[in-house]
Amino acid sequence: MSLDNKIDPPAERILRQLKTQGPQGTAALAEALDITAEAVRQQVQKLLDDDLITGQQERAAGVGRPRQLWSLTAAGHTRFPDAHAQLAVDLIASVRALFGDAGVDRMIDARRDDNRRTYLESIGNARNLGERVKRLAAIREREGYMARAERDGRDWLLIEDHCPICAAAQTCQGFCRAELELFREVLGDEAQVVREQHLLAGARRCVYRISQRRLLNTPVRLQD
């Protein structure tokens, strides 16, 4: 995360917590960050003044005062960099003008093919599906997607709390199509990959459910 030096480190941690975990109240932030509620309130006020977060009331179950939940504003989301956003948008527009939509698709497919080779170098010798998902998450984390792998019953979730190419993806959703194809290719035939949450569809992050595909005469095994 690249934040202005004027932002205090505790405020940076609050922004990241809200980015990765969604709207939270003061008490929840204090517990998650292991700081006092008063310290959170001080940082929250600074972030409100800078229009980086906003508050909304959520009534607690039963009788009681409504809870104030803090979430990122559009300006707050921009504190997490979109890699070379305007340059990417301009390049896509130039390719489309010169070669049409088919040219853009060829460019995206070439990028996917390059990534496939790089990803397979790190993932290809993993001993099982779980290990491949973890390695894929590590690659995506290094690329700026704030990615992590989590177990969900028999399945795995690949969670990406940030999209560093969001501006490019908004201009051409072929990038999202190519990424889903890439995940399916590098995780192998035994993996079934479904995108359950999509940033461009209004979700706050992208989440992929990765299940062990039942192959003919092959039992499904729970993997670490």
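Only a single item in (1) in contact with a helix residue (DSSP H, G or I) (Cβ under 6 Å, 6 or more places away or on another chain); (2) open to solvent by less than 60 Å² (accessible area, probe 1.4 Å); (3) at pLDDT 80 or above; (4) under 24 Å from P10 (Cα atoms) is not met by D82, and it is number (3).
Which residue out of E131, E141, E150, E185 is part of a helix (DSSP H, G or I) and within 17 Å of the chain's Cα centre (by Cα)?
Among E131, E141, E150, E185, only E141 is part of a helix (DSSP H, G or I) and within 17 Å of the chain's Cα centre (by Cα).
Among the residues of segment 145-164, those that are of a type outside the set (G, A, S) and open to solvent by 30 Å² or more (accessible area, probe 1.4 Å) comprise R148, E150, R151, D152, R154, D155. When segment 5-45 is filtered for residues that are among the small types (G, A, S) and more than 16 Å from D161 (Cβ to Cβ), the ones remaining, listed by number, are A11, G25, A27, A28, A30, A37, A39. Taken over segment 114-167, residues that are within 19 Å of R204 (Cβ to Cβ) and among the small types (G, A, S) amount to 5. Scanning segment 85-121 for residues that are in contact (Cβ under 8 Å) with a residue 12 or more places away in the chain and either open to solvent by less than 50 Å² (accessible area, probe 1.4 Å) or outside any helix (DSSP H, G or I) (or both) yields A85, A88, V89, I92, V95, V104, I108, D109, R112, N115, Y119. Every condition in (1) out of contact with any His (no Cβ under 9 Å at 6 or more places or on another chain); (2) open to solvent by 40 Å² or more (accessible area, probe 1.4 Å); (3) not charged (D, E, K, R) is met by G130 except one, and the failing one is (2). Restricting attention to segment 185-203, report how many residues are within 15 Å of L157 (Cα to Cα) and open to solvent by 30 Å² or more (accessible area, probe 1.4 Å). Number satisfying all stated conditions: 6. Which of the residues that make up segment 135-144 are surrounded by 19 or more Cβ atoms within 10 Å (Cβ to Cβ) and not aliphatic (A, V, I, L, M)? Selection gives R135, R140.
The values are calculated or read from the model by the stated rules, or taken from the named source; none is laboratory data. Since this is a predicted model, take the numbers as computed values, not measurements. Neighbour counts run over all protein chains shown; Cβ positions are idealised from the backbone, glycine included. Please note that ligands, DNA and RNA were not included when accessible areas were found on the heavy atoms of the full protein model with its side chains. Shrake-Rupley method; radii C 1.70, N 1.55, O 1.52, S 1.80 Å.
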